[in-house]
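Note sheet for the following structure.
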There are 2 protein chains.
Amino acid sequence: MTAPFAALDPRLAADSVAVTDLALCQVRLMNDATYPWLLLIPRREGAVEIIDLPAAERMQLMDEIALVSGALRDMTRCDKLNVAALGNMVPQLHVHVIARFAGDPAWPGPVWGKAPAQPYAEASRDGLVSALAARLSPARPPAG
Amino acid sequence: MTAPFAALDPRLAADSVAVTDLALCQVRLMNDATYPWLLLIPRREGAVEIIDLPAAERMQLMDEIALVSGALRDMTRCDKLNVAALGNMVPQLHVHVIARFAGDPAWPGPVWGKAPAQPYAEASRDGLVSALAARLSPARPPAG
């Protein structure tokens, strides 16, 4: 079943690139090389708070948070994960999953509003997106 | 079933007061009158990340986040909820559920590390704890 499409907020679209679509959420990589930083955005029109989702979709969201958290931790060997739904600036429901390292520019504070975003070089961004997509996508039968 | 006890981190204990115990988490009120601010602390020894919990407990955590979020929004009529598991300073797994208002001292940024905590007057803190506990606790048969 495909979730109903929700138009992506233009600020989220400008700050991040698509990685893959899970059952409920689009996964996006923030275009900021300072931190390995993913967003999960439920494709649900009008959802602002986690409690705007019906219970079954909250469970699905938790499953997808766990999937993305595990992948990000395995890939980065980070010291800590930060998982947060804030939305004070962009109301469209989105969950941050961020790999943190002792000594990163915002450590031990939160990342928001600290260092200006450092966009990835295009090749390294594309490589990271591909690696993440492969790690997060269900195995597909080979084409042909 | 009572969850195994996990000793509460002394910094969490010092900064907050107990509200009630849910099936998985202890709910605590941060002693900071600047924001209506609750913590959910799973009673699981050694849990640091959400993904340290087994899947069934992650689902229970999401249920308890939803319960606490709904109660806090209903009681405060806040503009936005902030839900976050950070843990960069205190590793013991704890989820913040914070009622935010446009124009509060940290708005629209995150609350952590902004204004110093303004402890509640004791009577208003106790009143808030009682109201929250009544709202969050399952109905019990009258005693006697």
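The values are calculated or read from the model by the stated rules, or taken from the named source; none is laboratory data. The structure presented is a predicted model; accordingly, all values stated were derived computationally and were not measured. Virtual Cβ from ideal backbone geometry, glycine too; neighbours counted across all protein chains shown. To get the accessible areas, we keep the full protein, side chains included, count just its heavy atoms, and leave off ligands, DNA and RNA. Shrake-Rupley method; radii C 1.70, N 1.55, O 1.52, S 1.80 Å.
Results, tabulated for the structure shown:
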{"read-out": "Failed condition for A:PRO116, given (1) touching a strand residue (DSSP E or B) at 6+ places or on another chain (Cβ under 7 Å); (2) assigned to a loop (DSSP other than H, G, I, E, B); (3) open to solvent by 30 Å² or more (accessible area, probe 1.4 Å)", "value": "(1)"}
{"read-out": "Sole exception among (1) assigned to a strand (DSSP E or B); (2) more than 26 Å from B:ARG100 (Cβ to Cβ) for A:ALA56, by number", "value": "(1)"}
{"read-out": "Check on B:ALA71, open to solvent by less than 10 Å² (accessible area, probe 1.4 Å) and aliphatic (A, V, I, L, M)", "value": "yes"}
{"read-out": "Test: residue in segment A:2-12 that is within 16 Å of the chain's Cα centre (by Cα) and among the acidic types (Asp, Glu)", "value": "yes"}
{"read-out": "In segment B:6-35, the residues that are under 18 Å from B:ALA133 (Cα atoms), among the small types (Gly, Ala, Ser) and open to solvent by 20 Å² or more (accessible area, probe 1.4 Å)", "value": "B:ALA13, B:ALA18, B:ALA23, B:ALA33"}
{"read-out": "Those residues of segment A:36-70 which are in contact (Cβ under 8 Å) with a residue 12 or more places away in the chain, more than 10 Å from chain B (Cβ to nearest Cβ) and among the aliphatic types (A, V, I, L, M), in sequence order", "value": "A:LEU38, A:LEU39, A:LEU40, A:ILE41, A:ALA47"}
{"read-out": "Filtered residue count, segment A:102-120, keeping only those that are of a type outside the set (A, V, I, L, M, F, W, C) and away from chain B (no Cβ under 14 Å)", "value": "4"}
{"read-out": "Failed condition for B:VAL90, given (1) in contact with a Gly (Cβ under 8 Å, 6 or more places away or on another chain); (2) assigned to a loop (DSSP other than H, G, I, E, B)", "value": "(1)"}
{"read-out": "Odd one out for B:ARG77, checked against (1) modelled with pLDDT under 95; (2) at positive phi", "value": "(1)"}
{"read-out": "Complete set of residues in segment A:85-126 that are among the small types (Gly, Ala, Ser), out of contact with any Lys or Arg (no Cβ under 6 Å at 6 or more places or on another chain) and farther than 23 Å from A:ARG44 by Cβ", "value": "A:ALA99, A:ALA102, A:GLY103, A:GLY109, A:GLY113, A:ALA115, A:ALA117, A:ALA121, A:ALA123, A:SER124"}
{"read-out": "Candidates B:ALA134, B:ALA99, B:ALA123 - the one that is modelled with pLDDT of 95 or more and within 12 Å of chain A (Cβ to nearest Cβ)", "value": "B:ALA99"}
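Per-residue answers, yes or no, for (1) assigned to a helix (DSSP H, G or I); (2) more than 22 Å from B:TRP112 (Cα to Cα); (3) at pLDDT below 95:
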{"site": "B:VAL27", "(1), (2), (3)": "no, no, no"}
{"site": "B:ILE41", "(1), (2), (3)": "no, no, no"}
{"site": "B:LEU67", "(1), (2), (3)": "yes, yes, no"}
{"site": "B:LEU72", "(1), (2), (3)": "yes, no, no"}
